[in-house]
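Trainee: Here it is, the structure, as structure tokens.
All of the numbers you see were taken from the coordinates with simple rules; none came from a lab. These figures come from a predicted structure and were not determined experimentally. Methodologically, a virtual Cβ is constructed for each residue, glycine included, from the backbone with ideal geometry; neighbour enumeration extends over all protein chains shown.
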Amino acid sequence: MKLFDLHCDTITECSIENKKLLKNDLHISIKDAQYLSEWVQLFAIWMPDDYRGEQACQYFENIYHTYNEQMNKNKKLISKCTTSKEIEQAIQSGKFASILTVEGGSAIAGDLDRIGYLHEIGVRLVTLTWNGSNEIANGCMSRDESGLTSFGKDAVRKMHDLGIIVDVSHLNDAGFYDVAKLSQDSGKPFVATHSNSDFICAHKRNLTNEQINIIIENGGLIGINLFWQFVGADSCDFVYRHIYHMLSLGAQNTIAMGSDFDGCTTVTQLSGIDKMHILYDYLLSRNIEQKVVDAIFFDNAYNFFINNLS
Ligand SMILES: [Zn+2]
């Protein structure tokens, strides 16, 4: 079985809890992923909402240090990838592949030049906000319901220019539509790395049918989140319902996995990367065609990153 997962907070947890990526008691470890024939993982540096300026930069550097350290220690097993070619090479040589991301635009510290720095050190996707507000935009839990700031719009344009993928998970509705507009202008697709369907589970963190349709039309990705509160029940069947609903909207080339491992309390049955085969088998048992299940678990995200990373 192959897995391409758009979001986890494992590196942030490793950094804060001083744990190792190879073997640990977290949702994700390299050891627990060994059963996968191919595995591409986006590792997020999670940023607190309220960090600003130097404090945000310093915090970012600490987690980034852990990411590099863990990638170096395990370089025989997993490759840090920044281009489509590197992803292909990692897979061809039988290694796992890792892509660095940032969850929370506070890492940019209100300085456009920092986007160039983030790109230089290998960040290839930025989730514009976490739950609250930052210099770029407002998260869906913020009281501020306005869209992207003018700095935020410049930041997104710069990400498009550099080839950093923009992620709308956590963003409020006005911000979503601003990103959709900027994305249309530049012709660069955007993604929601870890968001479910609001039709199946009404929650601000989930996407409306209209938003799902925009992401489909735009050629983006939607990663299915395993946090039971966004799923709507502690049940594998409810995860299936989100997928089935999105498929009914025509998202067969758009749906991917966005586990949110080590950032949430998952559905009990899916409490780690070593349990992902349970979901895979469950989807097959509900008569989703194998090629569609494979697309959701791997191919859709793989094709997107091969096409959208330089
Ligand atoms: Zn998140």
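Trainee: What does the charge count near residue 3 come to, summing +1 for each Lys or Arg and -1 for each Asp or Glu among other residues with Cβ under 13 Å from its Cβ?
Mentor: -4
Trainee: Right, here's the next one. Count the net charge of all other residues whose Cβ sits under 13 Å from the Cβ of residue 86, scoring Lys and Arg as +1 and Asp and Glu as -1.
Mentor: Summing Lys/Arg as +1 and Asp/Glu as -1 gives +4.
Trainee: Choose one of 177, 11, 213: the residue whose Cα lies farthest towards the positive end of the charge dipole of the chain (beta-carbon charges +1 Lys, Arg; -1 Asp, Glu; about the Cα centre).
Mentor: Ranked along the dipole, the leading option is 11.
Trainee: Find the relative contact order for the range 2-308 and round it to a whole percent, using C-alpha pairs within less than 8 Å whose residues are 6+ positions apart.
Mentor: Relative contact order, the range 2-308: 18 percent.
Trainee: Considering only 136, 71, 99, whose Cα is most displaced toward the positive end of the charge dipole of the chain, charges sitting on Cβ of Lys, Arg (+1) and Asp, Glu (-1)?
Mentor: 71
Trainee: Report, in deg cm²/dmol and to the nearest 500, the calculated mean residue ellipticity at 222 nm for the chain, where each DSSP H run with n ≥ 4 adds -39500 (n - 2.57) and the sum is divided by the residue count.
Mentor: Calculated mean residue ellipticity at 222 nm is -12000 deg cm²/dmol.
Trainee: Subtracting the Cα-Cα distance from 0.36 nm times the residue separation, let me have the gained length for residue 84 to residue 52 in nm, one decimal.
Mentor: Value of the extension gain: 8.3 nm.
Trainee: Could you tell me the ratio Rg/Rh of the range 2-308? Both radii from Cα atoms, Rh via Kirkwood.
Mentor: 0.93
Trainee: Moving on to the next point. Gap in Å between the Cα centre of the range 268-292 and the Cα centre of the range 113-160?
Mentor: Taking the Cα centre of the range 268-292 as reference, the centre of the range 113-160 is 33 Å away.
Trainee: On to the next question. Using 7 Å Cα-to-Cβ label points, what is the residue 217/residue 117 separation (nm, one decimal)?
Mentor: 3.9 nm
Trainee: Given a cut-off of 30 Å, name the pairs among 2/181; 204/275; 75/181; 19/158; 19/204; 73/188 whose C-alpha atoms lie farther apart than that in the structure shown.
Mentor: In this structure, 2/181; 75/181; 19/158; 19/204; 73/188 exceed 30 Å between Cα atoms.
Trainee: What does the charge dipole of the chain about its Cα centre add up to, to the nearest 20 debye, if the Cβ of each Lys and Arg holds +1 and the Cβ of each Asp and Glu holds -1?
Mentor: Rounded to the nearest 20 debye, it is 720 debye.
Trainee: Is the C-alpha gyration tensor of the range 252-302 telling us rounded, prolate or oblate? Criteria: a/c under 1.5 is rounded; beyond that, a/b larger than b/c is prolate, otherwise oblate.
Mentor: In terms of gyration-tensor shape, oblate.
Trainee: Can you pull out the trypsin sites (Lys or Arg not before Pro) in the range 1-34 whose DSSP state is coil and whose Cβ has at most 11 other Cβ atoms within 10 Å?
Mentor: The qualifying sites are 23.
Trainee: Compute the signed sum of charges (Lys and Arg +1, Asp and Glu -1) over the other residues within less than 11 Å, Cβ to Cβ, of residue 266.
Mentor: Summing Lys and Arg as +1 and Asp and Glu as -1 gives -2.
Trainee: Additional query: Could you please rank 78, 222, placing first whichever residue has the fewest other Cβ atoms within 10 Å of its Cβ?
Mentor: Starting with the residue having the fewest Cβ neighbours, the order is 78, 222.
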